[in-house]
Amino acid sequence: MAQVLPLLGLTHLDRPFDYLVDADQDAVAIPGVRVRVRFAGRLVDGFLLDRIERSDHKGKLGWLDKVVSAEPVLTPELARLCRSVANRYAGTTSDVVRLAIPPRHARTEKEITPEPESVVGECDRSAWRAYGSADSFLDSLATGQPRAIWQALPGEDWPKRLAELAALTAAAGRGAIIVVPDQRDLDRLEAACAPLLGDRCVTLAAGLGPTARYRRWLAVRRGAAQVVLGTRSAIFAPVADLGLVVVWDDGDDSLAEPRAPYPHPREVGVLRSHLEQAALVVGGFARTAEAQALVGAGWAHDLVADRAAVRAAGPRVQAISDDDVVVARDPLARSARIPALGFDAARKALAADHPVLFSVPRRGYIPSLACTRCREHARCRACHGPLELDAAGALSCRWCGRGERTFRCPNCGGTQVRALVTGARRTAEELGRAFAGVPVVTSGGTSVVDEIPGGARVVVATPGAEPVADGGYGAAILLDTWAQLDRADLRVEENAVRRWMAVGALVRPHADGGRMVIVADAGLPPVQAIVRWDPIGFAGIQLAQRAELGFPPAVTMASVDGPRSVITDFVDHLELPDGADVLGPVPLPPGVRPPAGSAEWEVADDDVDRVLLRVDRGHGRLLADALIAGQVRRNTHRETGPIRVQMDPPTIG
C-alpha cells in the first residue's frame, strides 16, 4: 500500500489518500516519486509520500494507476517543508509542491548526472572582521545553526561575502541556498561563487528554460551540487544536509510570490532553518521591519559593523527640500532641474574622471501630467489611466496606449498640461546638454545596463536599474523623490529607504570624494535614515509604528479578496480566534487586483473588495487554521464566486 498526495488544489482534499500497489510496481513505487491515480473517476497527478502495511480506510481502496517516474523528487524534508508552508500561509500542500518542484522532463531524467570535479577553494575571512561577532558566526557555520540579520556596509562587495559564506559551509560538508531578487543580482553572485565553488554550485532561475532548469534541479536532488543560487523559488531547492539559507534584500518586490499560497522566501527560509537545523542569514543594505522583528524577538542576532566603519565606507549624504532648491546658475543645468548642490557634486565628480548617477523615479519622457490651470491629474477618457507625453509631443495613455489628440480637463475645462514628473529619457536629454561632451547612459524599463566602466560619464537610471560602476560613482543625485513617497502604501517609506540605500551603496566613500544628494525634505524620517545611514534605527521606528497601528509584522494579518457578497459571507462563517479584528470590506487597493487567470476573476475593478483579518502574533497559526477551515467549508458546500486568501499580504493599502 501507499499514501499518495493527489495534486487537486482543493482545500478539503488536501491530505494523503491510501492506494493499493501492484506487485509489478512495488520496486519503483518508493516515497517521493510522481504517480498517477484515479480520483473521483478521473486520472490525476500526485506524489507518493510513504509506503504503509495497512490502511485505516474502512472502504474499498483503489489501485495505483501508474508510477510516472522512478526519480524520487519529493524528498521527506521537502514534503515536510511544503506542509509547513501550506499551514503558515493558509494554503494547500499541492499548491506549494507545484512551486517547489519544476515540471518533469523525461529525457533529462535519463541523463547521468556527473559528479563534481572541483574542490572548494580557500576562503579569505578577513573582510568579515569589520562586523562584530563575525568570527564566532563563521566558526559556527560548520556545526551549529546561527541565525543573523546582516547589515552590509555601504559599498560592500556583497556577492563575494555571500560566496565566502557558501564556501565555508560547503567546506564543512553541508549544503547552502542563496536567494536573490532578480537575474542581475544572480549574475553577480554566480560570478563571485565560481572561483570558490566551481561545479559544486548551480543556479536555478526561470530564465534558464524548463529543460536546463530541471537538469540542474536534478543535480541538486542527486547530491551532485552543494550550493544553489537562485531567485525566489530556489528557496525550495532539495539540497542535501542543508547547512545555510541566505535571503538577500528581502524587501525587494521581486521576492513577492504571485502564485498561491504566496509564500515569501524570507519566511520559508525561517521555517526551513528551524525544520532542518540550518543557519539563516537575511542580509541587505537596508532592513525590513520583518527582519527587525526577528532580532527583536531574539530569534536572530545582529551582524553589523560599528558606526566608525559605516561612516568610513559611506558617501557624504546631503538632503535639500524641493521648496529650498536653488537651481544651478548654468542655464542648461537649470533646464534639467538640477539643484546647485547636485550640479556642484556632479561637476566635481566628472572633473575627477568619475561617473555620476542621476536617479529618477519614472522611465519614459514625461510620464506624469496634470492640467496647467487646476493641477488635476491628466487622465485617459477611455480607461482613466495616466496620460504621458512622448519626445514628439504626443499625448497617450500609459495603461491602454490610446492616443489623446485634444485634451480637455474634466474638472476645469483647461486644454494645457504640465509635467509632474520628468522621465528618464527626458532627463537624459537635458543632462546631455548640461554636461556637453560627457557620455550619457540611460538604464531602465526594457533597456537595463548592468555595468559601466570607470571614467567620466553621466548615468540616468530608474530605481532598481542602476548599473554597477567600476570603482564606484563619484556622485549620485536623487531627483523627484516625492514620487516614491507620495503613495498610499504601508511600505512606502521602507521601500524608499531600501532603494536610496541601494543607490548610496554604489557611490565611492566620503574619503574618496563620494557624495550623494537627495532632493527631499531633510526632516522626513526616511531621509534622515539615509543622512545618518541608520537602517537599523529606521527599521526599529517602522516596527514600533506598526505595533502601535496594528500592522504586520507586529501582528498577523490576512486579506480576503473578492466580490463583496462572497467575501462577507466567507468571513461571517469563520471561527476566528479570540480578539480577532475584522476590518472592511473596502475597495481593493490599486495594483493588487488578482491575476486574470480564470474566467471567474473577470469582474469589474469596482466589484472587487477586501476584508482584513487581524490577530496578535501568538494567534497567527489559529487564524491560518480558521481560514483553511473556511475554504474547506466553501468547497464542501460547493459555494461559487472568486476569492483570494493571503496571509500577511505585501500590499495592504
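Nothing in this text is a laboratory measurement; each read-out follows from the coordinates by a stated rule. Computed from a predicted model, the values in this text were never measured in an experiment. Reconstructed Cβ throughout: ideal geometry from the backbone, glycine too, with neighbour counts over all protein chains shown.
Computed quantities for the displayed model
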| read-out | value |
| --- | --- |
| Length added when fully stretched, V582-V119, from 0.36 nm per residue minus Cα-Cα | 161.1 nm |
| Positive-pole candidate from L303, L81, T372, dipole of the chain, charges at beta carbon | T372 |
| Model label zone, T211; criterion: amide N under 12 Å from point 7 Å along Cα-to-beta-carbon; scope region 94-133 | 105-109 |
| Neighbour net charge for T113 - beta-carbon separation under 12 angstrom, K R +1, D E -1 | 0 |
| Size of charge dipole - region 126-309 - debye, nearest 20, with Cβ of Lys, Arg +1 and Asp, Glu -1, no other charges | 560 debye |
| The chain, helix-only ellipticity at 222 nm - DSSP H runs n ≥ 4, -39,500 (n - 2.57), divided by all residues, nearest 500 | -9000 deg cm²/dmol |
| Unit charges at the beta carbon, dipole of the chain: most positive-side option, T92, L478, V227 | L478 |
| Simple Cβ-charge dipole of the chain, Lys/Arg +1 and Asp/Glu -1, about Cα centre, in debye nearest 20 | 1140 debye |
| Global size of region 126-309 as Cα Rg and Dmax, reported in angstrom | 15.2, 49 |
| Charge dipole magnitude, Cβ of K and R +1, D and E -1 - region 2-110, Cα centre, debye nearest 20 | 280 debye |
| Two-decimal Rg to Rh for region 462-572 - Kirkwood Rh, Cα set | 1.12 |
| Stokes-Einstein D (µm²/s) once Rh is taken as the Kirkwood radius of the chain over alpha-carbon pairs, at 20 °C in 1.002 mPa s | 79 µm²/s |
| Contact order relative to length of the chain, as percent, for alpha carbon pairs under 8 angstrom and 6 or more apart | 12 percent |
| Point-to-point label distance, A172-D306, nm (Cα→Cβ direction, 7 Å offset) | 2.7 nm |
| Taking the C-alpha atoms of region 2-110, convex hull volume expressed per residue in Å³ | 112 Å³ |
| Computed FRET value (nearest 0.05) for V441 with S133, which takes r as the C-beta separation and R₀ as 30 Å | 0.15 |
| With Cα atoms, 0 to 90° folded angle of helix 265-275 axis to the chain main axis | 40 degrees |
| Positive-end residue of P238, V560, H619, charge dipole of the chain with Cβ unit charges | V560 |
| Separation of the S565 and F407 label points, Cα + 7 Å toward Cβ, nm | 4.1 nm |
| Sum of side-chain charges, G198 neighbourhood, beta-carbon under 14 Å (Lys, Arg +1; Asp, Glu -1) | -4 |
